[in-house]
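Participant: Would you mind keeping the following structure in view while I ask a few things?
The values are calculated or read from the model by the stated rules, or taken from the named source; none is laboratory data. The shown structure was predicted, so the numbers you read here are calculated from the model rather than taken from an experiment. Cβ coordinates were reconstructed from backbone atoms using ideal geometry, including for glycine residues, and neighbour counts include every protein chain displayed. Areas reflect the complete protein model, heavy atoms only, side chains present, ligands, DNA and RNA absent. Shrake-Rupley method; radii C 1.70, N 1.55, O 1.52, S 1.80 Å.
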Amino acid sequence: MIVVTNSETSKRVDKYQVSNTAIEIAVRKAARGLVSADLGGGVIKQRIARGNRGASRGCRGIFIVHSSDLFLFVDIFAKSEKENLTARELDVFTNLAPIFQKLSQAELLKLAKDNDWKVETYGP
């Protein structure tokens, strides 16, 4: 399973002190169909635990699902700071999703490398 995280989201992951393990748990749940919220068009919102706060009081991660084993991590926010995406943010992500989904895995990984995005590979 591969998770590609853009630079801005990576910075916020660090700010919120979200562990790789917490991200892995969130995408593994999504891969099994356990999604916190299906926002449409391959965009999902997942609860992500943060430190000792647990998932319900932690962060919300926004992912574009490329395939069952490839996710783009495009946004994260603390539930205490923001309840949900704005209509404009949701519109941006749902418009980006089909563009990313049309790329092959190789093309997507090249895009990640060219833009210095973080790529995490999790075992089976």
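Participant: What do you reckon, is Ala22 within 21 Å of Asn84 (Cβ to Cβ), among the small types (Gly, Ala, Ser) and touching a strand residue (DSSP E or B) at 6+ places or on another chain (Cβ under 7 Å)?
Facilitator: yes
Participant: Within the range 88-107, work out how many residues are in contact with a helix residue (DSSP H, G or I) (Cβ under 8 Å, 6 or more places away or on another chain) and assigned to a helix (DSSP H, G or I).
Facilitator: The number of residues fulfilling the criteria is 1.
Participant: Residues that are surrounded by fewer than 18 Cβ atoms within 10 Å (Cβ to Cβ) and in contact with a strand residue (DSSP E or B) (Cβ under 7 Å, 6 or more places away or on another chain): list the strands (runs of 3 or more DSSP E) wholly contained in the range 30-87 that include at least 2 such residues.
Facilitator: The strands (runs of 3 or more DSSP E) meeting that bar are 37-40.
Participant: A further question follows. Working only within the range 6-27, note down all residues that are open to solvent by less than 40 Å² (accessible area, probe 1.4 Å) and either touching a helix residue (DSSP H, G or I) at 6+ places or on another chain (Cβ under 7 Å) or in a helix (DSSP H, G or I) (or both).
Facilitator: Once the filter is applied, which keeps residues that are open to solvent by less than 40 Å² (accessible area, probe 1.4 Å) and either touching a helix residue (DSSP H, G or I) at 6+ places or on another chain (Cβ under 7 Å) or in a helix (DSSP H, G or I) (or both), the range 6-27 yields Thr9, Ser10, Val13, Ala22, Ile23, Ala26, Val27.
Participant: Hey, can you tell me all the residues within the range 103-124 that are touching a His at 6+ places or on another chain (Cβ under 8 Å) and either open to solvent by less than 60 Å² (accessible area, probe 1.4 Å) or basic (Lys, Arg) (or both)?
Facilitator: Those that are touching a His at 6+ places or on another chain (Cβ under 8 Å) and either open to solvent by less than 60 Å² (accessible area, probe 1.4 Å) or basic (Lys, Arg) (or both): Leu103, Leu108.
Participant: Determine which single condition Phe100 fails, assuming it passes every other condition in (1) surrounded by 17 or more Cβ atoms within 10 Å (Cβ to Cβ); (2) hydrophobic (A, V, I, L, M, F, W, C); (3) under 18 Å from Arg12 (Cα atoms).
Facilitator: For Phe100, the failing item is (3).
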